[in-house]
Amino acid sequence: MKFKITTLFLVLVLGIASAQEKKWTLEECVTYAVENNLSIEQFALDLENTKIEESDAFGNLLPNLNALSSASSNTGFSINPTNNAPTNTTAFNVNGSLSSNITLFNGLRNINRLHRAKLNAIAGQYRLDDLKDDIRLNVANAYLQVLSNKENLKVSRAQYAVTEQDLKRIKELVDSGVVPRGDLLEIEATAVNQEQQIVNGESRVLISRINLAQLLQITDYENFDVVEETFAIPPSNILDNSAKDIFNKALSYRNDIRFSESNVSLAEKDLKIAKGAIYPTLSGFANYGSRYSDATTLPGGISPNFTDQLWIFDGVSYGAQLNVPIFNGFSTKNNIKRAKIQLEKSKLQYEQDKLDLESNIQQAYVDVKTFYKAYEAAEKTLEARRLAYNYSKERFDVGLMNAFDFSQAQSRVDNAEADVVRTKYDYIFRLKILEFYFGIPIALN
């Protein structure tokens, strides 16, 4: 028994530790965000509404069927419903009917409403998918920001470790009287500044982790973290395509463009529906009914029972009704004008969305080239700064450079390393945006 309890305890402890050590990859973050985002869930409910509207529109094409029943009791003068004769007595009456109506023609408005409902459901799906695209990009940006801050923090800690070694050596040289105490104070000031950078770096990592967790709507900020991995510049041949090629492909699948295009189709259907009100409406109807009255007396003094009266007095009526619109205060005419205006607005918005997409792709294309050049320049600058630092260190070690100038050389290396990290992740994010426009899923490998 004790062995079972101990085993269960160990399993629970290991399970909790495993949960706390969970490290999220970019793909996991993107998938989780898409599956759990509240805005996406709301849009998904809106999509369900559009499907219900489609069912409503289809139902309008079908005949309706209604049943009606009533019972009444009359005392005093009344008209006998079975023979229309006046009577002055107490009578109990029952009436029942079954009726059906169907619209045969109304300017094709019901058919166009059904087509519109189907288009609206498609547009709703495009809108939902477009929101998912935006969330994927936002999550990728937040994820890369965490990685960038983590890498900067590693650089700061590595720089501080080097400074600690320099500080130990300077203390020994000061104690032996080789270098003045001012040099020690200068290196100590540099160490304090780097400690502050580490504190600030830890704060930026925490804040960026919280921002990412909030995008994922995860409340356990303390235990949330991403995989500990330093990403190099990912290989990509996206620039083998021209910006125009990327734009043309984006037009064929981008959900925001599809949504904008579907809005034009919806506006066209709205115009057809508005024009349909000009035409007459033809409807058909059919009715079956019967009745019963306890005051009913047939020739010969016979009073039929309830069931017999239902068969005796049943009847069927059917026909058609034509409603011709002649004048309705300009409402039909104005509705058509409004529908035409909305159609033109939808077309203009569609063209504007295509222009915006082309502009965004052109900007992303230029950004990829620009930020890669910035990254290459930062790498070259860092290499030069390190060579200068090593030369300064050699001079400082033999007393040919004071501590202030040496700390400045070290500071320039620190700034160059930070620039390399910043430009690297700036380039990676711009690259992922451009690839995303080209239809390549977001991934860091």
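The values are calculated or read from the model by the stated rules, or taken from the named source; none is laboratory data. Bear in mind that the values here come from a model prediction, so they are computed numbers and not experimental data. Cβ: placed from backbone, ideal geometry, glycine included. Neighbour counts: every protein chain shown. Heavy atoms of the whole protein, side chains included, go into the accessibility calculation; ligands, DNA and RNA do not. Shrake-Rupley method; radii C 1.70, N 1.55, O 1.52, S 1.80 Å.
Taking a straight Cα-Cα cut-off under 17 Å and skipping sequence neighbours fewer than 8 places away in the same chain, the aspartates and glutamates within cross-link reach of Lys168 are Asp183, Glu186, Glu188, Glu195, Glu394, Asp397. Here is the size of the stretch 267-388 from its Cα atoms: Rg then Dmax, 38.3, 130 Å. For the stretch 114-228, the relative contact order is 34 percent, taking Cα pairs closer than 8 Å that sit 6 or more residues apart in sequence and dividing their mean separation by the residue count. Helix 181-216 axis versus longest C-alpha principal axis of the chain: approximately 10°, rounded to the nearest ten. Dipole orientation for the chain: of the candidates Cys29, Gly319, Ser73, Gly319 has the Cα lying most toward the positive pole (charges on Cβ; Lys, Arg +1; Asp, Glu -1). Taking the empirical scaling 2.2 N^0.38 Å for compact globular proteins as reference, the stretch 203-288 has a Cα radius of gyration ratio of 2.26. Note on Ser252 and Ala161: the model spin-label points, each 7 Å out from Cα along the C-beta direction, lie 5.0 nm apart. Its relative contact order, with pairs defined as Cα atoms under 8 Å and 6+ residues apart, puts the chain at 23 percent. Beyond 31 Å between alpha-carbons counts as too far, so tell me which of Lys22/Lys132; Lys132/Lys244; Lys23/Lys171; Lys393/Lys432; Lys23/Lys354 fall in that bin. Violating the 31 Å limit, Cα to Cα: Lys23/Lys171; Lys393/Lys432; Lys23/Lys354. Here semi-axes √(5λ) of the Cα gyration tensor in Å was calculated from the structure, and among [x] 64, 21, 19; [y] 101, 25, 19; [z] 82, 31, 16 it sits at label [z]. In the stretch 139-267, the alpha-carbon atoms span a convex hull of 197 Å³ per residue. Protein heavy-atom accessible surface, 1.4 Å probe, per residue over the chain: 59 Å².
In the chain, the longest principal axis of the Cα atoms and the axis of helix 243-253 are about 30 degrees apart.
Got a sec? Charge dipole of the chain, +1 on Cβ for Lys and Arg, -1 for Asp and Glu; which of Leu173, Ser39, Leu137 is way out at the positive end? The Cα lying farthest towards the positive end belongs to Ser39. Mean sequence separation of contacting Cα pairs (under 8 Å, at least six apart), scaled by the length of the stretch 38-193, corresponds to a relative contact order of 22 percent. The Cα-based radius of gyration and maximum Cα-Cα distance (Dmax) for the stretch 204-349 are 35.0, 107 Å.
Which order do the peptides 327-338, 269-280, 426-437, 237-248 come out in when sorted by mean C-beta neighbours inside 10 angstrom, highest first? Working shown, then result.
On the way: 327-338: 12.2, 269-280: 17.8, 426-437: 21.5, 237-248: 13.9.
Taking the mean over residues of other Cβ atoms within 10 Å, the ranking is 426-437, 269-280, 237-248, 327-338.
Shape analysis of the stretch 244-293 places it in the prolate category; the axes a ≥ b ≥ c from the Cα gyration tensor give an a/c of at least 1.5, with a/b above b/c. Assuming a viscosity of 0.692 mPa s and a temperature of 37 °C, what translational diffusion coefficient in µm² per second does Stokes-Einstein assign to the stretch 340-445, Rh being the Kirkwood radius over Cα pairs? Roughly 190 µm²/s, to the nearest whole number.
What does the C-alpha gyration tensor say about the overall shape of the stretch 191-236? Classify as rounded when a/c is under 1.5, otherwise prolate if a/b is larger than b/c, or oblate. Oblate, since a/c reaches 1.5 and b/c is not below a/b.
Out of the total accessible area of the stretch 99-248 (probe 1.4 Å, heavy atoms of protein only), what percent is carbon and sulfur? Here carbon and sulfur together make up 51 percent of the probe-accessible area. Size descriptors for the stretch 113-172, from the alpha-carbon set: Rg then Dmax equal 26.1, 88 Å.
Return the whole-Å distance between the Cα centroid of the stretch 104-172 and the Cα centroid of the stretch 313-388. The two parts, judged by their Cα centres, are 21 Å apart.
Classified by the C-alpha gyration tensor, the stretch 58-175 has a prolate form. Its axis ratio a/c, with a ≥ b ≥ c, is 1.5 or above, and a/b is larger than b/c.
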